[in-house]
1. Show the residue pairs that are 6+ apart or on different chains and have beta-carbon atoms under 8 Å apart, the first residue being within the stretch 212-231 and touching a residue at least 60 places away in the same chain (Cβ under 8 Å), the second being loosely packed, with under 13 Cβ neighbours inside 10 Å and part of a helix (DSSP H, G or I).
2. Considering only residues that are within 19 Å of the chain's Cα centre (by Cα) and surrounded by fewer than 21 Cβ atoms within 10 Å (Cβ to Cβ), which ones fall in the stretch 119-134?
3. Return a yes/no flag: does the stretch 245-259 have any residue that is under 18 Å from the mean Cα position of the chain (by Cα), closer than 16 Å to residue 209 by Cα and modelled with pLDDT of 95 or more.
4. Of the residues that make up the stretch 36-46, is at least one closer than 28 Å to residue 121 by Cα, outside the structural domain of residue 219 (by TED's automatic domain parsing) and in contact with a helix residue (DSSP H, G or I) (Cβ under 8 Å, 6 or more places away or on another chain)?
5. With a cut-off of at least 1 residues that are in contact with a strand residue (DSSP E or B) (Cβ under 9 Å, 6 or more places away or on another chain) and more than 19 Å from residue 62 (Cβ to Cβ), name the strands (runs of 3 or more DSSP E) lying wholly within the stretch 72-170.
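The values are calculated or read from the model by the stated rules, or taken from the named source; none is laboratory data. What you are looking at is a predicted structure, and each value in this text was computed from that prediction instead of being measured. Cβ placement follows ideal geometry from the backbone for every residue including glycine, while neighbour counts extend to all protein chains displayed.
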């Protein structure tokens, strides 16, 4: 599935630009240089349809069934990702079905399916059969785990490269001096942070973030946790759900998108920083760089 990620970005870009597209439109733009017998082959169609199904499951696109004539119908896809951006920008605002249909450029007859999904995920609150409200509060949910070593501790220190907010528990356990910091204490040789911005923090309990963290570790072969049972390694972890202002959410992050940062301290005093994101169920590194001590 990892190789399908660039294809997903292209599909979303096509829908953002066109607002609506038939399967033929998408295939023509994705594979303009392929001869028609290959462009419309069952193999290509099945691959793109699987991809569209995953995008639909994440509320990035909406599939609409349009009647052409009598029993003949076709599917048309609409860009639905605008809804999540709208929710992040306008906390507390009310909309009716017609207004949302116009804003999202989705037929009124089909907008109910998207609204139902948004209500189930806590993105919208249904006030009446016609009126919906964006929740007034935005939360930052995060889980952190950190490791420090008693073996040559003076050589290790995790540096974030920028100032971030860490949970209070890291301070209480002696892994950080303050909750707002650009580094952890000397001897801390590793840390991981999972962050989600959401209107429904109850959907992101610590157990869920723990499962996500372990799945990402397994996928990328990260061994920090495996070696944490050594007698000279001390581990701490913390979970926190905190109300924040909507503009504190980074613009590049979608609502309810898990953002993961991993910091690995080296014995030369530097820190390697790995930034992960999960798209279509696959974790991938979107940036990797070193911070010197």
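1. Every condition considered, the pairs that remain are 225/214.
2. Here is the first cut: in the stretch 119-134, the residues within 19 Å of the chain's Cα centre (by Cα) are 119-124.
119, 120, 121, 122 - these are the residues of the stretch 119-134 that are within 19 Å of the chain's Cα centre (by Cα) and surrounded by fewer than 21 Cβ atoms within 10 Å (Cβ to Cβ).
3. First, the residues of the stretch 245-259 that are under 18 Å from the mean Cα position of the chain (by Cα): 246-259.
From what is left, the residues that are closer than 16 Å to residue 209 by Cα are 255-259.
Remaining after also requiring modelled with pLDDT of 95 or more: none.
So far as the stretch 245-259 goes, no, none of its residues is under 18 Å from the mean Cα position of the chain (by Cα), closer than 16 Å to residue 209 by Cα and modelled with pLDDT of 95 or more.
4. Going residue by residue through the stretch 36-46, those that are closer than 28 Å to residue 121 by Cα are none.
Scanning the stretch 36-46, I find no residue that is closer than 28 Å to residue 121 by Cα, outside the structural domain of residue 219 (by TED's automatic domain parsing) and in contact with a helix residue (DSSP H, G or I) (Cβ under 8 Å, 6 or more places away or on another chain), so the answer is no.
5. Values: elements: 72-79, 94-96, 131-133, 138-149, 159-165.
In the stretch 72-170, the matching strands (runs of 3 or more DSSP E) lie at 94-96, 131-133, 138-149, 159-165.
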